[in-house]
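Peer 1: Could you have a look at this structure, given as structure tokens, before my questions?
The values are calculated or read from the model by the stated rules, or taken from the named source; none is laboratory data. Computed from a predicted structure; not experimentally measured. Reconstructed Cβ throughout: ideal geometry from the backbone, glycine too, with neighbour counts over all protein chains shown. For accessibility, only protein heavy atoms count, side chains too; no ligands or nucleic acids. Shrake-Rupley method; radii C 1.70, N 1.55, O 1.52, S 1.80 Å.
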2 protein chains.
Amino acid sequence: MSNDPLVIFTPSGKRGRFPAGTPVLTAARQLGVDLDSVCGGRGICSKCQVTPGYGQFSKHGLTVAEDALSEWNAVEQRYDDKRGLPTGRRLGCQAQILKDIVIDVPPESQVHRQVVRKAATVRAVTMDPATRLYYVEVEEPDMHEPTGDFERLSRALAEQWDIHDLAIDLRTLSQLQPKLRKGGWKVTVALHKSAETDGHALLDLWPGFFDGPLYGLAIDLGSTTIAAHLTDLVTGEVTASAGIMNPQIRFGEDLMSRVSYSMMNPGGALEMTRAVREALDRLSVEIAKEGGIEPARIVETVFVCNPVMHHLLLGIDPVELGQAPFALATSGAMHLAAKELGLTSINPGARTYILPCIAGHVGADAAAVALSEEPEKSEDLVLIVDVGTNAEILLGNRDGVLACSSPTGPAFEGAQISSGQRAAPGAIERVEIDATTKEPRFKVIGSDLWSDDSGFAAETAVTGITGICGSGIIEAVAEMRMAGLLDASGLIGSAEQTGTPRSIPEGRTHSYVLHDGTAENGPLITITQGDIRAIQLAKSALYAGARLLMDQLGVDDVDRVVLAGAFGAHISPIHAMVLGMIPDVALEKVTSAGNAAGTGARIALCSRAARSRIEDQVRRIHKVETAIEPRFQEHFVAANAIPHATAPFPHLSALVPLPAVHFNAGGGDDSTKRRRRRRG
Amino acid sequence: MSNDPLVIFTPSGKRGRFPAGTPVLTAARQLGVDLDSVCGGRGICSKCQVTPGYGQFSKHGLTVAEDALSEWNAVEQRYDDKRGLPTGRRLGCQAQILKDIVIDVPPESQVHRQVVRKAATVRAVTMDPATRLYYVEVEEPDMHEPTGDFERLSRALAEQWDIHDLAIDLRTLSQLQPKLRKGGWKVTVALHKSAETDGHALLDLWPGFFDGPLYGLAIDLGSTTIAAHLTDLVTGEVTASAGIMNPQIRFGEDLMSRVSYSMMNPGGALEMTRAVREALDRLSVEIAKEGGIEPARIVETVFVCNPVMHHLLLGIDPVELGQAPFALATSGAMHLAAKELGLTSINPGARTYILPCIAGHVGADAAAVALSEEPEKSEDLVLIVDVGTNAEILLGNRDGVLACSSPTGPAFEGAQISSGQRAAPGAIERVEIDATTKEPRFKVIGSDLWSDDSGFAAETAVTGITGICGSGIIEAVAEMRMAGLLDASGLIGSAEQTGTPRSIPEGRTHSYVLHDGTAENGPLITITQGDIRAIQLAKSALYAGARLLMDQLGVDDVDRVVLAGAFGAHISPIHAMVLGMIPDVALEKVTSAGNAAGTGARIALCSRAARSRIEDQVRRIHKVETAIEPRFQEHFVAANAIPHATAPFPHLSALVPLPAVHFNAGGGDDSTKRRRRRRG
């Protein structure tokens, strides 16, 4: 056995013996310990900070002497003076191992540190971004050995970082000579590791030592809104978030109307591509400003989006997505230069990654949800519903995952609703109706008070009460059903049937008055029979899609339900169950994943391994096409009742008693109506 | 032994037995016979034409029956009716082997056909272009298996052509869906094979079967002129050639003045980059027009150029090339999208290849000369001189190759000469001086007559006699030396010393009147003492470079000399030897390689193997930097005499008696002059 000192690294537990005088960083590298370094051990970057442990380590059978490491040196002192080293810390590249020792690598010194990505479910992502910085010292040119500067830089990266196959673009190449000379043949390079090969692309470079950090943008490109998260590529932290409306809305509210616009207008697809690219470029400038960084620090972007947004972003006419067989131009993950997508304000060398699409109706956004929620790792059978203008639905567990999309339409987002509006200050977002008095109370966005709380009028004086948004209409309809204002078929009862003057006639049907602001020149906000029908269509489509996947698996129940999508985060589970949007399940088994697609985008931004994982996973997901499944139509019709009547709902029944009311359209009894219909 | 029919392919000699009914193309593929096919054996492309042999083949011990192949079929008849099949030809994909047979594959049916690239030396290039066409039939999309169109195209190429790792750019991707549908799921793709990996890039595609041909441009980007050859990428034939002046001339005549322009003017490099890129784009349109093809048919470009042109083409400031240690930004071969170089009028997917540079002064043009002339394969020691504004010099044989460049300046191109001009109609290009009468005769560009032939005046009436070009000045100086008008030190004798009134005083020196056109309002064309000095400087630099390489090898003689460069093609070997431009060698050992750099560019365009070969070869070439070798200066001074006096010249002496004249500047005796100088 060697007499060389023993070094034990924690938390990895890796250990080995090294000749006295070996720097801690060198020992770590040889043992494969995850200890960061940007400057390659030159005492510049301080990324390799470690905490040596002294005294008794009975677990390891080791006593560490005070002089187990070499003395604090001038490089460490200089760094401490300049930027400060936490107490007890040493620089791994400076401190040499002299005697047996235990060395702790703190999380912030690990390259592949874990980032807890959301408080709720406490899952972690291991940092493994595609782009990172390397400091390198390059040999000066020599007339006797006339290689180019780029070739010498490549050789230095091979020798100092074991990085081979370096590629460079013309723009960066044109900056290479002046920057090398400005930095005195020392330079920091941003390298992007290729997905397919071992190669690296040189995105940008800085004279001398450059500390970064570099940033990435995770972008959730929705039909209605575009949300971006500015993310530190070393820590994985979100530095800023920003959202804007998708300017394509002026060409059509929903996906199919944008496809139609493209079909009816030559060059229409190109117009929409231009609009969204310009908006994305503006958004990236805006978010950089919000994060207080130069836009050039943004070197990566990741997109998740539905197939139509995907094609329009890429400049592909989405016409094929508007008709069977809904063929995608490409379904694979995309690796692009960001400037190809018109992102010209961020780093000119920035790269873009777009998650793969699952099918013609199930896009990269659904893939991102799968990446975030990992149904393929679930022990129990999980139904994941990403509710938007289109609903993406995933069902599965460790044995396999199914996916489909369902055309819910925009009703869940407050569109096609008589008093509907987008979720914005002034919009009613929560509703309660007293089952006895049939009187409503509600909350509006911008205030935490209920409408019957004192101070509500004052708090909403500025925004007013302007309409009802997606979550508000769902709660309103469910509450109307629970209060006996609405029967299972979806008919609103008359004042005489419901016993409240808030039931008012509207043509041959009735509406329920949620809020009458006319006295203050405000709107009369009602839930009309048409609104109920719109919600019924949307929720039937959603349920039918979920049910179709359950059929495929041959099950009548799921173990749990995850509501995803920015909107999913605001749906109250009990109201969703009353409406019959989702299969019957115990209330505590319904959770919200928040913006799971956005979370998936952030994961893909921080982790190359995650990109590989979702690309592989997408190939395994079994896609079900709702448009060609005759059972979808059957389920859709059967799911029209409130709640759906295609399966029993013991959990819901135990939770909420639903009044056994039964109305008819004219306000008379049901038999009358049936007779009228038969005659008409 | 199998009873299956035996098939023997000529000229390869490959043979094998196949079950009766096997198509000839299938047998060829299984045996690895080089038989072309673009449509993959579907009877569409007719590239697989073969000539079956019937009767006795005593060499092979075979008698081929008339019914050894299946009968002429409807597909062959249709093709014959439509486009005509030469007599005796069959389509390899249609004709089935029934009995023993000998099948000849004519050269035009071979993919890797050999192209004889120049009549003089009869060397061949095997066609192996980076880009070629493939016809492929793609599965229609299916909702039950929702892959993208691109993924199905990729799969079809893998199955039908064994091509994997397909990449596509956004532009081509945006055209994929309409073109696949227009072609009824049949499509012809142009694929560019990657240099480094097994991957292919999809450059362009055409609905259905597309016969091409596709073209490449081989471009010799010189400081003064740009020459391009439009080349068929299947046959290797040059369809059209065109040349233009390099518009960068307005920024400086020679390389160093362009480097200076860049140093003195902020943005100057960019101006020169823009100028040359615009010119190249115009040139590509012009040459396509001349070749009678659509510019979009051009899918490849290859550039050869000196390092300064190389950097300016790439958009790199060449400032480092103007000062020691003459560091290149990059020396490796470049693979680019042609549009990155502003070539926007050719196929938008076109690729560019730039040969590697050898050193800061020895560029991709020298590499191209090495590729064309293959000194590394030479048995005897060959000196290759590419004469231009800079001379590139290669010396070597199978044991190794040395390279250097020498700053000859523009005198050899007619610049910095009192009556000098570029090679254009009206320029004197050939000169003879009668040794007895000292009277000259000459030829001008545009006429085949000598100036003392009858009819010369009439033939040159339009162009006039306007000046003297590079080859003319070399011949004039050498002829003056041979006629005793000039002594070995380069002094022109006075009328009294030379015995001809054509020696006229000019300041304190003399000039020789080559042509006096003043009576017809034309120019007085003289060779001045300044002109002699300019030529002496240029030829000394050239010789000193060659001599330096010879020193490195420790030799005093070379076995043969190759003059390359467009200008090299016009230098008369005997005059070059009299001047002492090149080492003494037997006259028949001096040959011209014509535009060897341009030939090298064409070879690289036609052959991926040639690209690998020269990239490898460039790494092996030993570079000698003239600027830091003290012996270069010594050789330069010693080579000032006409001919050079640094080595004996037995071959030249045996060929031409050189008068032992000796003049001095003032026309008096030499001792006077020496005294005057000592005093001054």
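Peer 1: Which one is most open to solvent (accessible area, probe 1.4 Å) among residues in region A:366-385 that are outside any loop (DSSP other than H, G, I, E, B) and out of contact with any Leu (no Cβ under 8 Å at 6 or more places or on another chain)? Explain how you work it out, then say what you get.
Peer 2: Our first condition is that a residue be outside any loop (DSSP other than H, G, I, E, B); within region A:366-385, this holds for A:366-373, A:375-377, A:382-385.
Restricting the remaining residues to those that are out of contact with any Leu (no Cβ under 8 Å at 6 or more places or on another chain) gives A:372, A:376-377.
Numbers: A:S372: 0, A:E376: 41, A:K377: 109 Å².
So the residue we want is A:K377.
Peer 1: Still on this model: Tell me, please, whether a residue that is touching a Cys at 6+ places or on another chain (Cβ under 8 Å) and assigned by TED's automatic domain parsing to the domain that holds B:S372 can be found in region B:562-585.
Peer 2: To start, the set of residues in region B:562-585 that are touching a Cys at 6+ places or on another chain (Cβ under 8 Å) comprises none.
Within region B:562-585 (the criterion being touching a Cys at 6+ places or on another chain (Cβ under 8 Å) and assigned by TED's automatic domain parsing to the domain that holds B:S372), the answer is no, since none of the residues qualifies.
Peer 1: Is it fair to say B:Q110 is within 12 Å of chain A (Cβ to nearest Cβ), of a type in the set (S, T, N, Q) and either crowded, with 21+ Cβ neighbours inside 10 Å or closer than 30 Å to B:R613 by Cα (or both)?
Peer 2: no
Peer 1: Follow-up question, since we're still on this one. Among the residues of region A:68-92, write down those that are open to solvent by 80 Å² or more (accessible area, probe 1.4 Å) and among the charged types (D, E, K, R).
Peer 2: Residues satisfying the conditions are A:E71, A:R78, A:D81, A:K82, A:R83.
Peer 1: Also, quick follow-up: Hey, any hits in region B:527-547 for a residue that's in a strand (DSSP E or B) and either open to solvent by less than 50 Å² (accessible area, probe 1.4 Å) or touching a Leu at 6+ places or on another chain (Cβ under 7 Å) (or both)?
Peer 2: Yes, the conditions are met somewhere in region B:527-547.
Peer 1: Hey, A:G499 hits all of (1) of a type in the set (G, A, S); (2) within 30 Å of A:R631 (Cβ to Cβ); (3) in contact (Cβ under 8 Å) with a residue 60 or more places away in the chain; (4) surrounded by fewer than 24 Cβ atoms within 10 Å (Cβ to Cβ) but one; which does it fall short on?
Peer 2: It fails just one condition, (2).
Peer 1: Please state which one of A:L35, A:L62, A:L6 is touching a residue at least 12 places away in the same chain (Cβ under 8 Å) and under 23 Å from A:E108 (Cβ atoms).
Peer 2: None of the others qualify; the one that does is A:L35.
Peer 1: Can I ask one more? B:T224: at pLDDT below 95 and not charged (D, E, K, R), yes or no?
Peer 2: For B:T224, the condition - at pLDDT below 95 and not charged (D, E, K, R) - is met.
Peer 1: Something else: What residue, among those in region B:607-631 that are of a type in the set (A, V, I, L, M, F, W, C) and open to solvent by less than 20 Å² (accessible area, probe 1.4 Å), is farthest from B:F326 (Cα to Cα)?
Peer 2: B:A610
Peer 1: If we only count strands (runs of 3 or more DSSP E) wholly inside region B:281-360, which ones have 2 or more residues that are open to solvent by less than 10 Å² (accessible area, probe 1.4 Å), within 11 Å of chain A (Cβ to nearest Cβ) and among the polar types (S, T, N, Q)?
Peer 2: On the way: elements: B:298-305, B:334-337, B:351-354.
Here the list is empty.
Peer 1: Against the definition (touching a Lys or Arg at 6+ places or on another chain (Cβ under 7 Å) and within 21 Å of A:G360 (Cα to Cα)), how does B:P146 come out, yes or no?
Peer 2: Considered against the rule, which asks whether it is touching a Lys or Arg at 6+ places or on another chain (Cβ under 7 Å) and within 21 Å of A:G360 (Cα to Cα), B:P146 comes out as yes.
Peer 1: Return the pair list, or none, for Cβ contacts closer than 6 Å from residues in region B:122-140 that are open to solvent by 10 Å² or more (accessible area, probe 1.4 Å) to residues that are of a type in the set (V, I, T) and at pLDDT 90 or above, at least 6 apart or on different chains.
Peer 2: Final answer for the pair search is B:V125/B:I603; B:L133/B:T188; B:Y134/B:V189.
Peer 1: Residue check, B:M581 against (1) outside any loop (DSSP other than H, G, I, E, B); (2) under 20 Å from B:S223 (Cβ atoms); (3) in contact (Cβ under 8 Å) with a residue 40 or more places away in the chain, all met but one. Which one?
Peer 2: Tallying (1) outside any loop (DSSP other than H, G, I, E, B); (2) under 20 Å from B:S223 (Cβ atoms); (3) in contact (Cβ under 8 Å) with a residue 40 or more places away in the chain, B:M581 fails exactly one: (1).
Peer 1: Assigned by TED's automatic domain parsing to the domain that holds B:V304, touching a Leu at 6+ places or on another chain (Cβ under 8 Å) and under 19 Å from B:Q421 (Cβ atoms), is that true of B:I249?
Peer 2: Judged against the criteria, B:I249 is not a match.
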